[in-house]
Amino acid sequence: MSKSVLSVENLHVRIGQRMILQDVSFDVRAGEVVGIIGPNGCGKTTLLNAISGFLPIDAGTVSVNGRDIMNLPAHARAELGIARGFQHVGVFREMTVEENLMMAVERRELYPWWWILSREWREKMSVAIEAALAEASLSSHRKSLAGVLSGGELRLLELARLKILKGNLLLIDEPTAGVAPILRDNLARMIKKLSKDHGRTVVIIEHDLRFLFNLAERIIVLVDGKKYLEGTPETVRRDERLQKIYFGE
Amino acid sequence: MGYLFTTIARVWETSLAAIGGHLTLSLGGILFLGFPAAFWCGSYGYAVAAKAGASLGVSFAVGIGLAAIAGGIFAFFYSRMSNDSFAVITLASFLALEALIRSWDSVTGGVLGIAGVPRFSFAQMLRGLVVFEAYVVLPAFILESFLANGPFGRSLRALKENRIVLTAMGTSPNTIGKTAVVFASLFAGVSGILAVSRVQFLDPTLGGIFLLTQTLTIAIIASTPKTLRLLGVTVTIVLLPELLRFFSLPLSILGHSRNALYGFLLIVLIYYATYNVSSKRHV
């Protein structure tokens with residue numbers, strides 16, 4: 001059995017007076033794709049925010065790659081290997097597509113400050129960006145402002161950037177939101193590739209159950225801030241209460 | 001020729017403060033209004049040390065050192081508060097420092113100021129000073145271009161657009177913002193040293209709200225990471241009041257009218273610059 005990359009134990013998160021997450025525990029193993037589902041307001045995004053350090057934790061522990069990360073600020077957690085995709089697409093729209101990717105390459109390689117003066121570094125940068133653009137089918141948009149891309153292309157750019165970052169744990173929040181069905185296949189392919197070919201561990205929040213069930217090996221269901229169910233997509237699909245939540249009586 | 005050299009020197013001096021405004025406000029969206037305070041730290045540090053008999057090299061270092069301390073204090077506040085609170089704090093620092101300068105007669109000369117501030121021996125004549133300032137300002141522009149178009153500049157622009165995403169990429173927004181604030185304070189401090197060595201007289205009317213207005217106007221109009229645009233906007237903003245000399249205004253209201261007209265022109269420039277930027281964003 002492969003080692004655990006993400007371990008969440010008895011997690012409690014409170015925002016103001018309201019307890020958003022209560023006693024949530026789960027493990028994610030290396031290379032695994034885990035989906036998180038649940039009705040609106042059940043705490044899915046709060047869970048990712050707590051893991052990535054954007055929200056303080058009331059009680060419980062979070063470990064990544066065997067290291068307790070509770071006392072680390074968000075940027076240090078990212079350095080440690082947590083790459084995060086956002087519900088509203090974490091892309092800098094006022095930068096070009098190329099600049100968005102350059103930032104990721106600079107972070108991953110820890111480029112020296114003089115890299116723009118060095119031909120060797122510039123060539124390395126160019127090769128890394130060309131490869132990322134080709135994989136995301138965005139080569140023709142290299143010099144375009146990211147803000148002019150469609151919703152689906154923005155998602156692909158975000159994924160391309162997450163792939164470049166050195167993290168081995170990807171937390172992705174609703175990747176298909178605002179994405180045309182035709183581009184969802186591309187997204188699914190990229191996420192699968194990240195997991196299978198690059199050995200990344202992926203945790204995805206998603207409302208499109210068909211998309212998620214085809215992608216994830218394990219599903220965690222949150223209801224009212226608590227873990228309601230955990231199992232294979234088949235087990236979750238058969239759960240009656242969940243069917244009522246998603247598809248009504 | 002004296003008028004020409006003075007104008008060029010003013011462009012160089014304003015450029016330095018503008019570089020700080022460009023890094024903080026234009027690129028990073030950091031509401032740093034402490035330019036006059038850093039400018040005075042540089043200028044008074046240099047003037048007081050020089051008048052006390054220190055060599056000009058040491059006086060220069062004292063000015064830069066004080067500006068760096070001011071930058072460090074601003075950076076501390078930046079990491080502890082929201083952007084709008086930071087704007088108020090930095091503005092208040094300028095008012096507090098002005099009050100201190102006006103009341104601390106024994107050191108700053110109070111409202112009477114400090115007269116006879118010496119210049120470097122190789123810059124005794126105005127022409128030599130302009131050349132010396134060019135040697136300081138041109139490398140500063142190269143550094144600015146390097147910073148603005150490199151990883152630091154991209155991080156600053158990312159900070160302005162979405163600090164959460166920047167954080168999620170493993171960069172500390174606080175570190176980026178604090179570095180920009182320290183750079184801006186240092187540039188404003190050097191600007192103060194150069195200005196006082198040109199004027200050779202220092203009181204709180206040098207710099208102050210006029211410098212702040214000019215710096216912020218330049219920062220708003222030169223909103224892209226292009227350094228040449230920054231230089232162009234700086235030249236325009238500094239030369240604008242000089243153009244008003246060619247209008248025949250009644251002598252009794254000449255000074256006030258020029259100030260009012262200059263203020264009006266700045267508003268028009270800012271309006272059109274920001275209108276163009278926002279209309280592009282809508283597309």
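The values are calculated or read from the model by the stated rules, or taken from the named source; none is laboratory data. Bear in mind the structure is a predicted one, so any value in this text is a computation, not a measurement. Cβ placement follows ideal geometry from the backbone for every residue including glycine, while neighbour counts extend to all protein chains displayed. Side chains included, ligands, DNA and RNA excluded: accessible areas come from the protein's heavy atoms. Shrake-Rupley method; radii C 1.70, N 1.55, O 1.52, S 1.80 Å.
Values computed for the structure shown
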item	result
Accessible surface of A:SER137 - all protein chains present, 1.4 Å probe, nearest 10 Å²	80
Of all accessible heavy-atom area on the range B:124-218, the percent that carbon and sulfur account for (1.4 Å)	68
At R0 = 35 Å, FRET efficiency that the Cβ-Cβ distance of A:GLU94 and A:ARG29 yields, to 0.05	0.35
Within-13-Å neighbourhood charge of A:ASN100 [Cβ basis; K, R +1; D, E -1]	+2
Nearest-ten-degree value, helix A:181-196 long axis tilted from longest Cα axis of chain A	90
Gaussian network model of chain B, springs between alpha carbon atoms under 10 Å - residue of B:GLY207, B:GLY189, B:GLY110 with greatest fluctuation	B:GLY110
By accessible area with a 1.4 Å probe, ligands and nucleic acids excluded, highest first: order of A:GLU135, B:GLU13, A:GLU217	A:GLU217, A:GLU135, B:GLU13
Using θ = phi - 60° and Karplus 6.51 cos²θ - 1.76 cosθ + 1.60, couplings along the range B:106-112 (whole Hz; Gly, Pro as x)	5, 9, 9, x, x, 6, 6
The range A:114-239 shape via C-alpha gyration tensor axes, a/c threshold 1.5	prolate
Computed label-point distance, nm, for sites A:ARG189 and A:GLU234 using a 7 Å Cα→Cβ extension	2.8
Accessible surface, per residue, of chain B when the full set of protein chains is kept, probe 1.4 Å, Å²	44
Whole-Å distance, taken between Cα centres, linking the range B:171-226 and the range A:211-237	55
Largest to smallest accessible area among B:ASP203, B:ASP84 [probe 1.4 Å]	B:ASP84, B:ASP203
In sequence order, calculated HN-Hα J values of the range A:40-47 (Karplus, 6.51, -1.76, 1.60; Hz; x Gly/Pro)	4, x, 7, x, 5, 5, 4, 4
Between helix A:119-135 and chain A: long-axis angle, C-alpha atoms, 0 to 90°, nearest 10	50
Helix-derived mean residue ellipticity, 222 nm - over chain A, DSSP H n ≥ 4, -39500 (n - 2.57), to 500	-11500 deg cm²/dmol
Ranking by accessible area, most exposed first, for B:SER223, A:SER52 with a 1.4 Å probe	B:SER223, A:SER52
For A:ARG29, distant residues with modelled amide H under 5 Å away	A:VAL5
Under-5 Å amide H pairs with A:LEU229, H placed in peptide plane, nonlocal only	A:VAL221
Two-site FRET efficiency, B:SER79 against B:ILE267, from Cβ-Cβ distance with R₀ of 30 Å, rounded to 0.05	0.35
Sequence-distant residues sharing a close amide H with A:ARG84 (under 5 Å, placed H)	A:LEU171
Cα shape, the protein assembly as shown, gyration tensor, a/c 1.5 rule	prolate
Chain B - mean residue ellipticity at 222 nm from DSSP helices (-39,500 (n - 2.57) per run, n ≥ 4, rounded to 500)	-25500 deg cm²/dmol
Listed residues B:GLY2, B:ALA54, A:ILE219: farthest to the positive end of the dipole of the protein assembly as shown (Cβ charges)	B:GLY2
In Å², nearest 10: area of B:LYS51 left accessible to a 1.4 Å probe	110
For the range A:208-220, Karplus couplings with θ = phi - 60° (6.51, -1.76, 1.60), whole Hz, Gly/Pro x	7, 5, 4, 4, 6, 5, 6, 9, 8, 8, 9, 10, 10
Assigned charges on the beta-carbon of Lys, Arg, Asp, Glu; chain A dipole about Cα centre (debye)	220
Most fluctuating residue given options B:SER26, B:SER43, B:SER85, as computed from a GNM of chain B linking Cα atoms under 10 Å	B:SER85
Gyration tensor (alpha-carbon) shape descriptor, chain B, a/c threshold 1.5	oblate
Debye, to nearest 20: dipole size of the range B:2-246, +1 on Lys, Arg Cβ, -1 on Asp, Glu Cβ	360
Cβ-derived FRET efficiency at R0 51 Å, B:THR224 paired with B:VAL111, nearest 0.05	0.80
32 Å Cα-Cα threshold exceeded, pairs from A:LYS244/B:LYS160; A:LYS3/A:LYS244; A:LYS3/B:LYS178; A:LYS143/A:LYS193; A:LYS3/A:LYS193	A:LYS244/B:LYS160; A:LYS3/A:LYS244; A:LYS3/B:LYS178
Accessible area (Å², 1.4 Å probe, nearest 10) - A:GLU120	130
Cα-projected label distance for B:ALA96 with A:ARG18, points at 7 Å along beta-carbon direction, nm	3.9
